[in-house]
Amino acid sequence: MTAGPGSPEGLAPANPGVIAGLDELAGPVNPLRDPRDRRIPRVAGPCVLVMFGVTGDLARKKLMPAIYDLANRGLLPPGFSFVGFARRDWADEDFAQVTYQAVKEYARTPFRDAVWEQLSEGVRFVSGSFSDDAAFDELADCVRKLDAERGTGGNYAFYLSIPPGQFPTVVQQLKRSGLSDSGGHGWRRVVIEKPFGHDLASARELNAILDGVFPPEAVFRIDHYLGKETVQNILALRFANEMYEPIWNRGYVDHVQITMAEDIGIGGRAGYYDGIGAARDVIQNHLLQLLALMAMEEPAAFDADSLRMEKEKVLSAVRLPADLATGTARGQYSAGWQGGRQVRGFLEEEGIPADSRTETYAALRLGVDTRRWAGVPFYLRAGKRLPRRMTEIALIFQRAPHLPFSATDTEELGQNALVIRIQPDEGITVRFGSKVPGTAMEVRDVNMDFAYGESFTESSPEAYERLLLDVLIGDPPLFPRQQEVELGWRILDPVEDFWASFTKPDQYPAGSAGPASAEAMMARDGRAWRRL
Amino acid sequence: MTIDLTDTTTGAIHEALTQARRRMGGPASGMVLTLIIVTDESAQYDAVRAANQAGREHPSRVLAVITRRPKNESRLDAEIRVGENGPGETILLRMYGPLGQHADSVAAPLLAPDVPVVTWWPDDAPPAPRSDPLGTVAQRRVTDAAASDTPLETLLTLAKAYQPGDTDLSWTRSTPWRSLLAATLDQPYPELLSGEVLAEPDNPTADLIAAWLGHRLGIEVRRGESGGPGVTEVGFETPDGKVAISRPDGRTATLSWPGRPERRVALHRRDTAELIAEELRRLEPDEVYAETLRALAARH
């Protein structure tokens, strides 16, 4: 083959739409880049990452280490700079020291002095409160100086690792100080973390705050539970294979269970968690995103818009149970033994009022009104202080319509299942019936297991690494847009209203699998939750 | 667990593997490939260790083919290691006597079913990897020109025999440099008049980078010599002055650009395990490498 750099033969796009989309983004062609050159990773362009809320746990345990790991993998550009903003009386060196310790303790890749030295040259700190005009002016000066000193080219990403209540102040400050306006030189991006509001109205309000200052494509909503790797794994399983799609419908699937169980309690998050609860915390965003990925139709292309379109379509087809009293369940953990230790109940946790009605466990039965899924219930559950930490999606298949074996032979045969394990130990399990070795004919459930080889390795990027890199590169595909957030609230709001109207959450002992009402909800449908 | 089998056959090795797996509860079920390492007794330790480290990312069956004492009687000794250094299985195959000439007859029955095969020569590369008995079974054949006494000649020999699926670790070593160079040209840049790559005299990676740049940019890229370590600088002459990335210490690179502040970026040299892990990540033919080899051959 004699294809030169300009004419990549053999690359005739299978789907012209995908390539066309890329062309628009690409700008001038870089002669050193070649889509066939799979070794060269995409590296972020010169930029400054400004972080608000640097004193939080998340910044220390996840974000700072992720920045270092990206640098260590050579994915950050020369001159990359990292600016912290907080109400601390720190100099640049103090902040660098804080970052250094966070990196040393939590980074996943080996610590290298050279990488750290180069990274630390670009670390700055600006001290002040969010309402302090002077501090934001100082911040504006600081990043402009970085442009001059380190050639960051006027590209700024703002990471708001702060409670949503403070968004309006910070966003307004960014606008007032002129930081949000690129004036045509460089880009501006803003990263916000879930929760994206606490109901439809507040989500819209939040969006309005951002909308006035940043264009929609500059807003990156991060749901750290849903790493890009997971999303891509699910899409690859469904749409890169021939053997699953034919059975991925009501003809074969009996029901779907989506579970996110945590073994921890609320820990130090009382202030955030009280009044939010399990449903708003994870079902509205994380579990509904998983449902969308499982239930959606094949996107026309693997790009942001096609994917979002399919997710939005399926989310708008989600229906709540007719009777919310029997189709939902919620609970609060009470004192008990979890994982070999005695733990407090939710109402005794520090910072939680004794009459709190916030749920720590929520379960829902949803329907998806499409030709593919009509009549197949999707059961979602999320809870804290459950026996172990586990997130999974289980497709439970219907029983074989006829078994040519005698009833005693298949006594121990359950329903076939395909389980997508998301964490810990990401992988796929298939459960099916197999003959037990021996002279008697006996069929019993066995598991076939696949674990992503990636998951063993230090070199598979952590969710935050990929998210941060996507933000710095400006690659939006898998971040939910406002429309998906609103659809999520549309589904959840009636449930929350119903719960708020009368019931109190049922109690369940810490370390158990959830309240009896959740078991009863399944039992009414003649089904049972998978064991945690 | 380690199992030693003396004067054995592939059938016996299979049986021992199955038993070991059963005893350990099947730890090696998710293997993604078979990696054949063609090596000798003195180099096997480092190579197997690198492969096991890479195996954490790519759980694999590692077959180390070690030829010993060609004049002895034919004999096969096997050392099986399961569940010791992470996932996967490692089998050291020591072949004595004339058997060493027929290593493929031992390796073939031991390839893990269904998954791709990669053959790696950490030391001396065969002149035509694709025609080598242990190369024909593999989708991907990894050599290392830098390990030979005359790296550039070795690379040119390999270029003549190139077949899709061939690759060389001296090309793998160029990835961080190439990625930094590509990132540098992601922003608007002045016209590039000519270029130069500086490195130790016997550094095939520098030859490949120079050939790659020359081919992609359509300008003359010289290959200059420096004291190392490894590649120390890649620079371009432009009408505005010199744009250069230099790495004198093998750890941190400095990007200098006329009229802009100097910027530093970590660019460390990677160990063999990382190189092998990168090689195993993609098993399709590397067309860019093929073009670069051709461009290199045209220069010499």
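The values are calculated or read from the model by the stated rules, or taken from the named source; none is laboratory data. Every value quoted in this text rests on a predicted model; they were computed, and no experiment measured them. Every residue, glycine among them, receives a Cβ derived from its backbone with ideal geometry; neighbour counts consider all protein chains shown. Areas reflect the complete protein model, heavy atoms only, side chains present, ligands, DNA and RNA absent. Shrake-Rupley method; radii C 1.70, N 1.55, O 1.52, S 1.80 Å.
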Between A:Arg524 and A:Arg42, what FRET efficiency follows from the Cβ-Cβ distance if R0 is 56 Å, with the result rounded to 0.05?
-> 0.65
Using alpha carbons only, how many degrees (0 to 90, rounded to 10) separate the axis of helix A:92-106 from the longest principal axis of chain A?
-> 30
Residues whose modelled amide H sits under 5 Å from the amide H of B:Ile36, counting only those 5 or more places away in sequence or on another chain, are B:Leu63, B:Val118, B:Thr119, B:Trp120
Round to the nearest 10 and give me the degree value, 0 to 90, for the angle of helix A:200-211's Cα axis relative to the longest principal axis of chain A.
-> 20
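Give a quick list of GluC sites (Glu not before Pro) in the stretch B:119-198 that DSSP marks as loop, anything other than H, G, I, E or B, with at most 12 other Cβ atoms within 10 Å. The partial results should precede the final answer.
Values: sites: B:Glu153, B:Glu191, B:Glu196; in loops: B:Glu191.
Taking the stretch B:119-198 and a limit of 12 other Cβ atoms within 10 Å, the loop GluC sites (Glu not before Pro) found are B:Glu191.
Just in the stretch A:350-413: which GluC sites (Glu not before Pro) are loop by DSSP and have at most 11 other Cβ atoms within 10 Å? Please list the in-between numbers first.
Working: sites: A:Glu350, A:Glu359, A:Glu392, A:Glu411, A:Glu412; in loops: A:Glu350, A:Glu359, A:Glu411.
Those that pass, being in a loop and sparsely packed, are A:Glu350, A:Glu411.
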Among B:Gly195, B:Gln44, B:Gly224, the residue whose Cα sits farthest towards the positive end of the charge dipole of the protein assembly as shown, when +1 is placed on the Cβ of each Lys and Arg and -1 on the Cβ of each Asp and Glu, is B:Gln44
Tilt of helix A:482-501 relative to the longest C-alpha principal axis of chain A, in degrees (0 to 90, nearest 10)?
-> 50
Using a simple charge model, +1 on the beta-carbon of Lys and Arg, -1 on the beta-carbon of Asp and Glu, nothing else, what dipole does the stretch A:246-370 show about its Cα centre, in debye to the nearest 20?
-> 200
Residues in the stretch A:251-295 reached by a label modelled at A:Arg238 [backbone nitrogen below 11 Å; 7 Å Cα→Cβ] = A:289-295
Determine ³J(HN,Hα), in whole Hz, for all residues of the stretch A:314-320 in sequence, where each value follows from phi through the Karplus function 6.51 cos²θ - 1.76 cosθ + 1.60 and θ = phi - 60°; x replaces Gly and Pro.
-> 6, 5, 6, 9, 6, 10, 7
Tell me the label-point distance for the pair A:Asp497, A:Arg388, using the 7 Å Cα-to-Cβ offset, in nm and rounded to one decimal.
-> 4.1
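Between A and B, buried accessible area summed over both sides at probe 1.4 Å, in Å² to the nearest 100?
Details: alone 24450 and 13970 Å², together 34870 Å².
Buried: approximately 3600 Å² between B and A.
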Which of B:Ile80, B:Ile91, B:Ile219 moves most in a GNM of chain B, Cα contacts under 10 Å?
-> B:Ile219
Go through the stretch B:92-98 residue by residue and turn each phi into a ³J(HN,Hα) via Karplus (6.51, -1.76, 1.60, θ = phi - 60°); whole Hz please, and just put x for glycine and proline.
-> 8, 10, 9, 10, 9, x, x
Work out the length of the dipole vector of the protein assembly as shown about its Cα centre, built from +1 on the beta-carbon of each Lys and Arg and -1 on the beta-carbon of each Asp and Glu, and round it to the nearest 20 debye.
-> 1300
How many Lys pairs in chain A lie less than 20 angstrom apart by Cα atoms, where the lysines are 8 or more positions apart or on different chains?
-> 12
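Over chain A, what is the relative contact order in whole percent, taking alpha-carbon pairs under 8 Å and six or more residues apart? The partial results should precede the final answer.
Values: 918 pairs, mean separation 83.9, N = 532.
Relative contact order for chain A comes out at 16 percent.
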Pair A:Glu245, A:His185: separation of 7 Å Cα→Cβ label points (nm) | 5.0
Once both label points are put 7 Å beyond Cα along the C-beta direction, the A:Asp211-B:Ala161 separation in nm becomes 6.6
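Taking DSSP loops as anything outside H, G, I, E and B, show the longest stretch in chain A free of trypsin sites (Lys or Arg not before Pro) there with at most 13 other beta carbons within 10 Å. Could you put the intermediate results ahead of the total?
Working: sites that count: A:Arg38, A:Arg87, A:Arg371, A:Arg388, A:Arg399, A:Arg531.
Longest gap between qualifying sites, sites excluded: A:88-370.
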Around A:Trp337: net Lys/Arg minus Asp/Glu count, Cβ-Cβ under 13 Å | +2
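B:Thr2 to B:Ala298: FRET efficiency via 1/(1 + (r/R0)^6), r the Cβ-Cβ distance, R0 56 Å, to the nearest 0.05?
Numbers: r = 50 Å, r/R0 = 0.89.
For R0 = 56 Å, the calculated efficiency reads 0.70.
For chain B, which longest stretch is free of loop sites, where a loop site is one of the trypsin sites (Lys or Arg not before Pro) that DSSP puts outside H, G, I, E and B and that has at most 12 other Cβ atoms within 10 Å? If you can, show how the numbers build up before the last one.
Working: sites that count: B:Lys71, B:Arg282.
For trypsin sites (Lys or Arg not before Pro) (loop position, at most 12 other Cβ atoms within 10 Å), the longest site-free span of chain B is B:72-281.
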Using r as the Cβ-Cβ distance of A:Ala335 and A:Val430, and R0 as 56 Å, what FRET efficiency do you calculate, to the nearest 0.05?
-> 0.90
Under the Karplus relation 6.51 cos²θ - 1.76 cosθ + 1.60, θ = phi - 60°, what is the ordered set of whole-Hz ³J(HN,Hα) values for the stretch A:325-336, x standing for Gly and Pro?
-> 5, 9, x, 9, 8, 8, x, 10, 6, 9, 4, x
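The stretch B:217-289: which GluC sites (Glu not before Pro) are DSSP loop and have at most 16 other beta-carbon atoms within 10 angstrom?
Working: sites: B:Glu220, B:Glu225, B:Glu233, B:Glu237, B:Glu262, B:Glu274, B:Glu278, B:Glu279, B:Glu287; in loops: B:Glu262.
Those that pass, being in a loop and sparsely packed, are B:Glu262.
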Take every Cα pair under 8 Å in the stretch B:185-300 that's 6+ residues apart, average their separations, divide by the length, and report that relative contact order as a whole percent.
-> 23
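Tell me the relative contact order for chain B as a rounded percent, counting alpha carbon contacts under 8 Å between residues six or more apart. Write out the running numbers ahead of the final one.
Values: 617 pairs, mean separation 45.2, N = 300.
Contact order relative to length: 15 percent.
Going by the alpha-carbon gyration tensor, a ≥ b ≥ c the square roots of its eigenvalues, is the stretch A:393-532 rounded (a/c under 1.5) or, if a/c is not under 1.5, prolate (a/b greater than b/c) versus oblate? Walk me through the intermediate numbers first.
On the way: a/c = 2.43, a/b = 1.31, b/c = 1.85.
Since a/c reaches 1.5 but b/c is at least a/b, the shape of the stretch A:393-532 is classed as oblate.
Which value in deg cm²/dmol, rounded to the nearest 500, describes the helix-derived mean residue ellipticity at 222 nm for the protein assembly as shown, given -39,500 (n - 2.57) per DSSP H run of n ≥ 4 and division by the residue count? Before the final figure, lay out each step's value.
Values: 25 runs with 265 residues, N = 832.
So the calculated ellipticity at 222 nm is -9500 deg cm²/dmol.
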